[in-house]
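The values are calculated or read from the model by the stated rules, or taken from the named source; none is laboratory data. Keep in mind that this is a model prediction, so the values were computed, not measured. No Cβ is skipped: glycine too gets one built from the backbone with ideal geometry, and neighbour counts run over all protein chains shown. Just the protein is used for accessible areas: all its heavy atoms, side chains included, with ligands, DNA and RNA removed. Shrake-Rupley method; radii C 1.70, N 1.55, O 1.52, S 1.80 Å.
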Amino acid sequence: DRIGQAAGRPAPRVVEADIRDRTAIHDLMERSQFDAVMHFAGLKSVSDSVSRPAEYFDVNVGGLVTVIQAMKSNGVRKLVFSSSATVYDLGAGQGAIREDAPFGPNNPYGQSKLMAEQVLQAQEAAAPDWSVGILRYFNPAGAHPSGLIGECPADPPDNLLPYIAQVAAGQRQYLGIFGDDWDTPDGTGVRDYVHITDLARGHLASLDALERDGHGHVVNLGTGRGLSVQDVRRAYEHACGREIPFRILPRRPGDVASCYCDTQRARDVLGFEARQDVDAICASSWKWVRHLYPEVSPS
Ligand code: UFG
């Protein structure tokens with residue numbers, strides 16, 4: 001309903017089913033005429049994937065296979081897939097990451113995304129009338145600017161933005177920063193935070209490119225700019241008008257100093273460029289958080 005409200009259109013039809021439920025996914029595609037599929041249904045916590053690897057392969061790879069089979073039997077041949085920068089060997093270097101950078105996911109979540117990409121590329125090679133857009137997200141962040149749609153993370157959130165948001169909302173006392181001795185300008189980890197509305201535009205551009213080019217692509221989606229944990233914390237303070245207290249904690253296992261993307265291919269292939277900056281990310285997140293926790297007084 002809120003998607004409809006935010007878009008000023010009738011709410012989209014929703015069918016609730018498990019992505020691994022072959023019958024449900026087949027029936028859905030048989031009953032409706034799909035031109036293309038955008039596939040987002042996956043598990044996405046790095047730490048969770050280390051303790052429950054089988055579920056990650058089952059949902060992220062097995063679920064994708066179910067979608068492909070349903071598409072095949074119903075003549076749907078265009079797919080936009082939600083992948084991740086986690087497929088890269090992020091420990092390898094510090095520069096901007098290009099799409100031809102070496103792979104090397106170091107956790108089951110990342111491995112499941114890389115396997116899913118391989119499944120899709122094999123399908124595309126086997127069926128030349130298929131075209132697949134693989135989008136490797138960097139750090140998606142923020143909420144819909146209306147404040148109507150945002151994330152409700154598991155408790156406690158793994159990711160930086162929802163964690164800061166909970167501190168701002170008074171749900172947590174302070175932000176724990178995982179290390180201030182990284183080889184970065186202020187010693188805290190640097191990432192490429194991309195606003196979810198920019199990501200959404202990237203998906204539409206991907207679909208347009210599939211229709212236009214008749215073949216697939218693999219593209220990074222990010223801003224090309226790296227921001228440190230402290231940069232983001234300060235931007236959030238500015239957006240919410242409150243102090244975000246922090247403590248420096250030990251480094252988190254598996255983290256890297258810096259990760260941001262090379263945006264050249266996104267520009268060339270999709271005509272895509274991120275438009276929103278960290279201030280827009282934090283402002284939209286704060287608007288959503290006040291919706292999520294109505295008891296938070298406006299600042
Ligand atoms: N961080 C903190 N404190 C927190 C949470 C995060 O200091 O409470 C720091 C991290 O150490 C890191 C940065 O904030 O430097 C970003 O951390 P996130 O967990 O938000 O994001 P990651 O870059 O670690 O992971 C994201 C996605 C993963 C994906 C990965 C690589 O969440 O799904 O990018 O693409 F695998």
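If you go through segment 39-56 one residue at a time, how many are at pLDDT below 95 and acidic (D, E)?
The number of residues fulfilling the criteria is 1.
Looking at segment 138-150 only, could you name the residues that are within 12 Å of the ligand (Cβ to nearest atom) and either assigned to a loop (DSSP other than H, G, I, E, B) or open to solvent by 30 Å² or more (accessible area, probe 1.4 Å) (or both)?
F138, N139, P140
Return only the number of the condition from (1) within 8 Å of the ligand (Cβ to nearest atom); (2) within 30 Å of D129 (Cβ to Cβ) that V229 does not satisfy.
(2)
For the condition part of a helix (DSSP H, G or I) and free of Cβ contacts under 8 Å to residues at least 60 places away in the same chain, what is the one hit in A125, A165?
Going through A125, A165 in turn, the sole match is A125.
Run G189 past the list (1) of a type outside the set (S, T, Y); (2) in contact with a strand residue (DSSP E or B) (Cβ under 8 Å, 6 or more places away or on another chain); (3) open to solvent by 40 Å² or more (accessible area, probe 1.4 Å) and report the number of the one that doesn't hold.
It fails just one condition, (3).
Taking the residues in segment 47-96 that are part of a loop (DSSP other than H, G, I, E, B), under 25 Å from A205 (Cα atoms) and hydrophobic (A, V, I, L, M, F, W, C) as candidates, determine which candidate is nearest to the ligand (Cβ to nearest atom).
A96
Out of A92, A85, report the one residue that is open to solvent by 50 Å² or more (accessible area, probe 1.4 Å) and of a type in the set (A, V, I, L, M, F, W, C).
A92 is the lone residue from the list that is open to solvent by 50 Å² or more (accessible area, probe 1.4 Å) and of a type in the set (A, V, I, L, M, F, W, C).
Could you pull out the residue among V15, V46 that is touching a residue at least 12 places away in the same chain (Cβ under 8 Å), open to solvent by 40 Å² or more (accessible area, probe 1.4 Å) and closer than 30 Å to V256 by Cβ?
Answer to the check: V46.
For segment 252-281: of the residues being modelled with pLDDT under 95 and open to solvent by 30 Å² or more (accessible area, probe 1.4 Å), which is farthest from the ligand (Cβ to nearest atom)?
Taking the candidates together, the pick is P253.
Output yes when any residue across segment 111-118 is assigned to a loop (DSSP other than H, G, I, E, B) and more than 16 Å from the ligand (Cβ to nearest atom), and no when none is.
No, segment 111-118 has no match at all.
List the pairs whose first member sits in segment 21-35 and is among the charged types (D, E, K, R), whose second member is part of a loop (DSSP other than H, G, I, E, B), and whose Cβ atoms are under 8 Å apart, counting only residues at least 6 apart or on separate chains?
Partner pairs satisfying both residue conditions: E30/N74; D35/V76.
Kindly state which strands (runs of 3 or more DSSP E) lie completely within segment 193-299 and contain at least 1 residues that are within 18 Å of P157 (Cβ to Cβ).
Correct list: 193-195, 246-249.
Could you please let me know if D180 is of a type in the set (D, E), at pLDDT 95 or above, within 16 Å of the ligand (Cβ to nearest atom) and closer than 25 Å to R252 by Cβ?
Yes, satisfied.
Can you tell me which residues in segment 156-183 are in contact with a strand residue (DSSP E or B) (Cβ under 7 Å, 6 or more places away or on another chain) and either open to solvent by 20 Å² or more (accessible area, probe 1.4 Å) or basic (K, R) (or both)?
Y163, Y174, F178, D180
What residue, among those in segment 127-137 that are farther than 17 Å from I196 by Cβ and not aromatic (F, W, Y), is surrounded by the most Cβ atoms within 10 Å (Cβ to Cβ)?
So the residue we want is G133.
Looking only at segment 209-230, count how many residues are open to solvent by 40 Å² or more (accessible area, probe 1.4 Å) and either more than 20 Å from the chain's Cα centre (by Cα) or among the β-branched types (V, I, T) (or both).
Looking only at that region, the number is 5.
Got a number for residues in segment 232-251 being more than 16 Å from the ligand (Cβ to nearest atom) and in contact (Cβ under 8 Å) with a residue 24 or more places away in the chain?
5
If you check N106 against the conditions, is it open to solvent by 20 Å² or more (accessible area, probe 1.4 Å) and in contact with a Gly (Cβ under 7 Å, 6 or more places away or on another chain)?
Taking the combined requirement at face value, the residue satisfies it.
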